[in-house]
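Heads up, the thing below is written out as structure tokens.
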Amino acid sequence: MKAKFLLASLAVALIPSLSFAAGGPEVKIVGTTADRTDVASLQRGARLFVNHCLNCHSAQYMRYNRLTDLKLTPDQIKQNLMFTTDKIGDTMKAAISPKDAKEWFGAVPPDLSVMARSYTTERLGAYLRGFYKDDTREIGWNNLVSPNIGMPHVLHELSGTNTVKATVFKADGKEVKDDSAAKALAQKAFIASNTMATFEHHVEKKDNKVESSYIVKTMVPGTDGRMTPPQFDVAMADLTNFMDYVAEPHKAKRIQLGILVMFLLSILLAAAIWLKKEFWKDVH
Ligand code: HEC
């Protein structure tokens with residue numbers, strides 16, 4: 001029990017700093033991840049999800065009564081987590097209709113049932129932390145991970161409001177000699193950033209000349225929210241953890257089974273090696 005607890009707190013304390021570029025700018029994530037076996041984290045994630053996401057999104061493959069998996073009683077589920085229906089066997093539906101959403105946001109909020117799988121949990125966690133104020137946009141918000149997305153920053157009361165600083169690196173023939181020098185400088189700034197950051201390469205054609213520049217955007221903390229930045233980080237790790245559970249409720253069991261199978265296979269391997277030695281002992 002103690003070991004399990006230690007392991008879980010270790011996973012929460014782990015601060016990965018990794019980057020990815022799947023379909024969008026290369027993003028550097030600075031943040032916390034949560035552990036799939038941490039039931040308290042999944043419960044907190046569930047609460048955030050039903051309170052803040054089901055207003056606009058559905059999770060049509062998730063039924064409320066499945067939440068008993070997370071050690072919640074049907075009564076707890078009914079009283080604390082069900083806002084868009086009163087039938088516990090129902091799937092998680094959105095509070096607004098797709099038609100209204102399309103009208104208000106210009107895009108239909110996608111179903112979130114398997115979002116964690118298509119988006120990956122790292123990218124999802126970064127997306128949820130990646131909102132910043134952008135007055136050039138009608139909705140007033142933008143996102144580092146998914147630029148120009150139609151979703152407003154619905155959690156800004158919790159997180160507070162961030163802004164973004166964009167720095168452009170390009171060759172000027174003097175201090176920054178050429179394109180590769182500009183790229184190296186940009187990469188250095190990207191890696192050195194201790195907040196979430198993105199790295200983009202822009203190529204523009206101007207008067208038959210190709211202009212290349214590198215843009216590094218870094219998140220700048222702004223006004224405070226109800227949570228401190230580390231608290232918000234943990235909350236988003238919980239929310240991502242829950243969405244990962246929704247996308248694949250059996251994942252924890254699958255991993256356990258995998259470990260068991262590997263263990264059994266290694267016993268078989270040891271037995272096979274021993275047998276081989278026994279068989280060949282007399283031959284030499
Ligand atoms: C006010 C309505 C609204 C709420 C509340 C809302 N979203 Fe969204 N969300 C949208 C809209 C609209 C889009 C589609 C935007 C687009 O395609 O441009 C979207 C898109 C997304 C995407 C896809 C992003 C991408 O890159 O394609 C994810 C993931 C997402 N939402 C997660 C969440 C989560 C998690 C919550 C709860 C914290 C949430 N949303 C709450 C409106 C909302």
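For the criterion of being at pLDDT 95 or above, open to solvent by 40 Å² or more (accessible area, probe 1.4 Å) and among the β-branched types (V, I, T), V220 fails.
Of all residues in region 176-192, at least one satisfies being in contact (Cβ under 8 Å) with a residue 60 or more places away in the chain, among the aromatic types (F, W, Y), outside the structural domain of R47 (by TED's automatic domain parsing) and in a helix (DSSP H, G or I). Any residue in region 226-248 that is in the same structural domain as A116 (by TED's automatic domain parsing) and in a helix (DSSP H, G or I) sitting within a Cβ distance under 6 Å of a residue that is buried (at least 23 other Cβ atoms within 10 Å of the Cβ) and basic (K, R)? List the pairs, counting only those 6 or more apart or interchain. Partner pairs satisfying both residue conditions: M236/R129.
Scanning region 227-242 for any residue that is more than 16 Å from the ligand (Cβ to nearest atom), under 30 Å from A40 (Cα atoms), among the β-branched types (V, I, T) and open to solvent by 30 Å² or more (accessible area, probe 1.4 Å) turns up at least one such residue.
For R63, are the conditions met, namely being open to solvent by 40 Å² or more (accessible area, probe 1.4 Å) and under 18 Å from L158 (Cβ atoms)? No; evaluated as a whole, the condition is false for this residue. For A40, state whether it is in a helix (DSSP H, G or I) and open to solvent by less than 40 Å² (accessible area, probe 1.4 Å). It is false that A40 is in a helix (DSSP H, G or I) and open to solvent by less than 40 Å² (accessible area, probe 1.4 Å).
The values are calculated or read from the model by the stated rules, or taken from the named source; none is laboratory data. All values derive from a computational prediction rather than experimental measurement. Every residue, glycine as well, gets a Cβ built from its backbone with ideal geometry; the counts of neighbours run over all protein chains shown. When the accessible area is computed, the model is the full protein with side chains, heavy atoms only, and any ligands, DNA or RNA have been set aside. Shrake-Rupley method; radii C 1.70, N 1.55, O 1.52, S 1.80 Å.
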